[in-house]
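Heads up: the structure comes next, in structure tokens.
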């Protein structure tokens, strides 16, 4: 497992008009992204998909002080991870001090991107032949089989399979197959992929129900 990457995309503060009561508010939006990679035999990783794993997380709270520990505990109470809470604390505290916490009223807005990395490694040494006749994955691949004439019309001569990174044409034990979203892979490569995940490795379109 890879620890998530945290990136501050935006930090803005607006001083509010003076009033009898000092009011300091922090608003945080956290976007959670998943980057999916395929690792080949050599260890090289290729990004195949990047998508939001959940709706944006919105957090708002009053800022009582610039104390690091107090800010950290507030963030943890909002069920943020210790890593993200510390990251935000080290940015909120000095900014609040600079804006005159305790003297000025202000609203602080932060936009943060949290990116998780997932790496899928595949065993491309296919042993026994897969019996495709009895399952939905086999049906999808049979329906997408590409013959030599069609492969020419699709200009596959110089194209590579995005799963194993080998040429789509020329392999004695693998043939090109086009799935319903129109992407083309080796039949055996996409078969192994679809037995683990039910979506296209490139566009994430769901190909069958589970």
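Can you tell me which residue in the stretch 172-202 is farthest from residue 149 (Cα to Cα), limited to those that are touching a strand residue (DSSP E or B) at 6+ places or on another chain (Cβ under 8 Å) and part of a loop (DSSP other than H, G, I, E, B)? Walk me through it before giving the result.
Initially, the stretch 172-202 is screened for residues touching a strand residue (DSSP E or B) at 6+ places or on another chain (Cβ under 8 Å), giving 174-179, 184-187, 190, 193, 196, 198-199, 201-202.
With part of a loop (DSSP other than H, G, I, E, B) added as a condition, the list becomes 174-175, 179, 196, 198, 201-202.
On the way: 174: 17, 175: 13, 179: 18, 196: 31, 198: 29, 201: 26, 202: 25 Å.
For the stretch 172-202, the residue satisfying everything is 196.
Considering 69, 79, which residue is surrounded by fewer than 11 Cβ atoms within 10 Å (Cβ to Cβ), in a helix (DSSP H, G or I) and out of contact with any strand residue (DSSP E or B) (no Cβ under 7 Å at 6 or more places or on another chain)?
Working: 79 fails: in a helix (DSSP H, G or I).
Just one listed residue meets the conditions, 69.
Six or more apart or on different chains, Cβ atoms under 8 Å: show the pairs whose first residue is in the stretch 56-68 and within 13 Å of residue 94 (Cα to Cα) and whose second is part of a loop (DSSP other than H, G, I, E, B) and at pLDDT below 95.
Here the result reads 65/102, each pair linking the stretch 56-68 to a residue that is part of a loop (DSSP other than H, G, I, E, B) and at pLDDT below 95.
Identify the residue in the stretch 16-55 that is surrounded by 12 or more Cβ atoms within 10 Å (Cβ to Cβ) and under 20 Å from residue 98 (Cα atoms) and, among all such residues, is modelled with the lowest pLDDT.
22
One line per residue, one yes/no per condition, for (1) modelled with pLDDT of 95 or more; (2) in a loop (DSSP other than H, G, I, E, B); (3) farther than 30 Å from residue 171 by Cα; (4) touching a strand residue (DSSP E or B) at 6+ places or on another chain (Cβ under 7 Å):
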| position | (1), (2), (3), (4) |
| --- | --- |
| 89 | yes, no, yes, no |
| 95 | yes, no, yes, yes |
| 112 | yes, no, yes, yes |
| 127 | no, yes, no, no |
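Residue under question is residue 169, and the condition is that it be in a loop (DSSP other than H, G, I, E, B), touching a helix residue (DSSP H, G or I) at 6+ places or on another chain (Cβ under 8 Å), modelled with pLDDT of 85 or more and surrounded by 15 or more Cβ atoms within 10 Å (Cβ to Cβ); does it hold? Before you say what the answer is, go through the steps one by one.
On the way: in a loop (DSSP other than H, G, I, E, B): yes; touching a helix residue (DSSP H, G or I) at 6+ places or on another chain (Cβ under 8 Å): yes; modelled with pLDDT of 85 or more: yes; surrounded by 15 or more Cβ atoms within 10 Å (Cβ to Cβ): yes.
Considered against the rule, which asks whether it is in a loop (DSSP other than H, G, I, E, B), touching a helix residue (DSSP H, G or I) at 6+ places or on another chain (Cβ under 8 Å), modelled with pLDDT of 85 or more and surrounded by 15 or more Cβ atoms within 10 Å (Cβ to Cβ), residue 169 comes out as yes.
The values are calculated or read from the model by the stated rules, or taken from the named source; none is laboratory data. Quick caveat, the model's predicted, so the values are computed rather than measured. Positions of Cβ are generated from backbone atoms using ideal geometry, with glycine treated the same way; all protein chains shown enter the neighbour counts.
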